[in-house]
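The values are calculated or read from the model by the stated rules, or taken from the named source; none is laboratory data. Every value quoted in this text rests on a predicted model; they were computed, and no experiment measured them. Accessible surface is based on the protein model in full, side chains and every heavy atom, while ligands, DNA and RNA are left aside. Shrake-Rupley method; radii C 1.70, N 1.55, O 1.52, S 1.80 Å.
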Amino acid sequence: FPIASGNDGHNLITHVDGGRFDDIMLAGDLTGISRFLGNAGPNARDDRDRTVLMRAAEAGNLMVVARLLDLHADPTLTDPRGTTALHLAAVAGDDGVAEILINAGAPVDPVDCHNRTPLWHATANHLPDSAVVEVLLRAGA
């Protein structure tokens, strides 16, 4: 079950069992995701302080990303290293997830702790003419 884990001065940060979330996500159980998040909400974080949206983006699970965005997950949130869900979609080379995140308001040029943008990750991990690079460039990266 999700548990409350502190206060950042503005909002209660809520942590969830990442392994259990991954099991539900891999099963594609969109109703189960809503139930699992329960009181934790769509911006719940795991023990590495990554949001469930980041985990879904990293896994390339477009259906789960879309469901979390429908539940008002915030695509602008970062982990302690400055990584966003869009960074993770770019690393994975997932153009569909990148596009839906951008359409939901994810900034296209956030920098992580190494001053690397999603476009940097996309080109470093995939061919410069890959679909995810095209999505990022079309969005103004």
Check: Taking only C-alpha pairs under 8 Å that are 6+ residues apart, what is the relative contact order of the chain in percent?
Finding: 17
Notebook entry, point to check: How much area per residue is accessible in the chain when the probe is 1.4 Å and only protein heavy atoms are counted (Å²)?
Noted result: 51
Checklist line | Square roots of five times the Cα gyration tensor eigenvalues for the range 35-133, Å | finding: 22, 15, 10
Check: Which of Ala59, Ala89, Ala98 moves the most in a Gaussian network model of the chain with Cα springs under 10 Å?
Finding: Ala59
Check: When the chain is modelled as a GNM with alpha-carbon springs shorter than 10 Å, which of Arg45, Arg67, Arg35 fluctuates the most?
Finding: Arg35
Notebook entry, point to check: Rounded to the nearest 500, what is the chain's calculated 222 nm mean residue ellipticity when only DSSP H runs of at least 4 contribute -39500 (n - 2.57) each, over all residues?
Noted result: -13500 deg cm²/dmol
Next item on the list: Quantify, in whole percent, the carbon and sulfur part of the accessible surface of the chain (1.4 Å probe; protein heavy atoms only).
Entry: 50
Margin query: Using Stokes-Einstein with the Kirkwood hydrodynamic radius over Cα pairs, what translational diffusion coefficient do you get for the range 85-141 at 10 °C and a viscosity of 1.306 mPa s, in µm²/s rounded to a whole number?
Written below: 150
